[in-house]
């Protein structure tokens with residue numbers, strides 16, 4: 001059964017900011033002759049690896065709201081020069097907007113069950129992205145979207 005991760009996107013101001021940062025990171029890696037991929041490194045690797053690799057995604061919390069997700073391509077464990085093991089979460093470069101869902105701050109990452117994951121925003125609902133995230137979340141809480 002597929003499971004997802006949810007993680008705070010610290011320092012990122014908006015969905016557009018996240019997209020710009022990822023685009024810049026991919027360009028820098030390509031210019032440096034490295035494999036152009038988006039990798040998020042964590043200290044503790046997820047134990048539910050198989051479930052994450054069965055279509056799981058990393059859901060990003062931006063400014064107190066889950067606002068986007070990126071499908072997980074791979075999980076790679078590695079040992080750093082300081083002797084500490086790390087887990088690289090390799091993500092697809094596409095960022096998929098989701099229905100904003102309020103999420104309190106937490107440390108690290110958390111599992112997110114598929115039935116609790118916010119729905120993707122697509123089609124005509126994509127116009128909701130023009131609204132401020134706080135307004136979208138409030139409309140959702142009121143059951144209007």
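Summary table below
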| quantity | calculated |
| --- | --- |
| Sole residue being assigned to a loop (DSSP other than H, G, I, E, B) and over 19 Å from residue 111 (Cα atoms), chosen from 17, 82 | 82 |
| Looking only at the range 36-61, and only at residues there that are in a loop (DSSP other than H, G, I, E, B) and over 17 Å from residue 87 (Cα atoms), the one that is farthest from the chain's Cα centre (by Cα) | 36 |
| Within the range 85-100, tally of residues that are touching a helix residue (DSSP H, G or I) at 6+ places or on another chain (Cβ under 7 Å) and either under 15 Å from residue 9 (Cα atoms) or in a strand (DSSP E or B) (or both) | 4 |
| Options 103, 30: the member that is out of contact with any helix residue (DSSP H, G or I) (no Cβ under 7 Å at 6 or more places or on another chain) and either surrounded by 15 or more Cβ atoms within 10 Å (Cβ to Cβ) or touching a residue at least 24 places away in the same chain (Cβ under 8 Å) (or both) | 103 |
| In the range 56-84, the residues that are in contact with a helix residue (DSSP H, G or I) (Cβ under 8 Å, 6 or more places away or on another chain) and closer than 17 Å to residue 44 by Cβ | 72, 75 |
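Rule-based calculations on the coordinates, nothing more; no lab input. Given the structure is predicted, the values throughout are model-derived calculations rather than measurements. Don't worry about glycine lacking a Cβ; one is built from the backbone with ideal geometry, like all the others, and counts go over all protein chains shown.
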